[in-house]
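The structure appears right after this line, and notes come after that.
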Amino acid sequence: MCSRYEAPTPNQLITAFGVAPEQPVETALWPGYAGPFIRTAQDVDPEGEARSPIEALAGLFGLLPFWAKDTKLARRTFNARTETVAEKPSFRAAWKNAQHCIIPATAIYEPDWRSGKAIPTRISRVDGELMGIAGLWERWVSATGEVVHSYTMLTVNADEHPLMRNYHKATDEKRMVVILPNGVHQDWLRAPAEQSMAFLRQYPAERLQASAEAPSRKP
């Protein structure tokens, strides 16, 4: 489960993916905040050719299905369990339609409770490259006609993962977001719904590093 993460800067996005959203986004992300996500290009020219194979958009961190009454739902739909994503009302349409996206991140944060207190811990790739987190995107239209894009991160069980099993409370199930290997980014974005599950795997622990966040000092 991930409710806090760091998004890359536009320059980092362009370096890694060749695209960046035109709209402003946050770099410190919480549910309901606007962050960047990447999907296959939806805009085509008169000949039917995509101007670019992928595009980056700004969207709310937390999926908004068509039936959402307002954007507050994003506070509860920022993660989607792979075991139930096909059935949950919030996610099943995006899953059925294979609305795959990549959520770029420089790091994610998880709470370490092993000391008895929740210590925010920053988790990133050992090689320093961006994480490409597998997600689903959606397009929602408000009562006033405003179009809002949104996304959710897909998660898998991590009870036996050498690193991610250390986070969250001892009584809670351990979860982790699906971090895609660089070589399958394009495959994930183009995959049909019936092939989606093949991509949803744990990321190797030896390719991740964790460091406790320093406590803030009182002024």
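Bear in mind these aren't lab numbers, they're just calculated from the coordinates by the rules spelled out. Predicted model only: the values in this text are computed from it and were never measured. Cβ coordinates were reconstructed from backbone atoms using ideal geometry, including for glycine residues, and neighbour counts include every protein chain displayed.
Observations on the structure shown:
- Debye, to nearest 20: dipole size of the chain, +1 on Lys, Arg Cβ, -1 on Asp, Glu Cβ: 960
- Its Cα gyration tensor gives the stretch 5-212 an equivalent ellipsoid. The semi-axes, each the square root of 5 times an eigenvalue, are 27, 19, 17 Å from largest down.
- Along the axis of the charge dipole computed for the chain (Cβ charges of +1 for Lys and Arg, -1 for Asp and Glu, origin at the Cα centre), the listed residues V19, T40, L154 are led at the positive end by L154.
- Positive minus negative residues near A28 (Lys, Arg vs Asp, Glu; Cβ under 15 Å): -1
- Total formal charge among the other residues, if their Cβ is under 13 angstrom from that of D70, Lys/Arg +1 and Asp/Glu -1: +3
- Here is the list for the stretch 1-93: chymotrypsin sites (Phe, Trp or Tyr not before Pro) lying in DSSP coil, each with at most 12 other C-beta atoms within 10 angstrom of its C-beta, are F66, W67.
- Taking other C-beta atoms within 10 angstrom as a stand-in for reagent exposure, E22, E55 fall in the order E22, E55, fewest first.
- Spatial separation of Cα centroids for the stretch 67-93 and the stretch 119-148, in angstrom: 14
- Residues R201 and V126, FRET efficiency given R0 of 22 Å [Cβ-Cβ distance, rounded to 0.05]: 0.80
- For K72, a cut-off of 23 angstrom between C-alpha atoms picks up these lysines, skipping any fewer than 8 places away in its own chain: K88.
- Cross-link reach list, aspartates and glutamates versus K69, counting only Cα pairs under 15 Å and skipping chain neighbours closer than eight places: E138, E146
- Helix-only [θ]222 nm of the chain, DSSP H runs n ≥ 4, -39500 (n - 2.57) each, per residue, nearest 500: -2000 deg cm²/dmol
- Residue ranges 98-104, 144-150, 158-164, 111-117 sort as 98-104, 158-164, 144-150, 111-117 when ordered by packing (mean number of other C-beta atoms within 10 Å per residue, highest first).
- Of the residues V141, S3, W113, the one whose Cα sits farthest towards the positive end of the charge dipole of the chain is W113 (charges of +1 on Lys and Arg Cβ, -1 on Asp and Glu Cβ, taken about the Cα centre).
- Principal axis dimensions, largest first and in whole angstrom, of the stretch 59-136 by Cα: 40, 30, 24
- Rounded to 0.05, the FRET efficiency of the E213 and D43 pair, given R0 = 45 Å and the Cβ-Cβ distance, is 0.70.
- The stretch 1-47, Cα convex hull volume normalised per residue, Å³: 112
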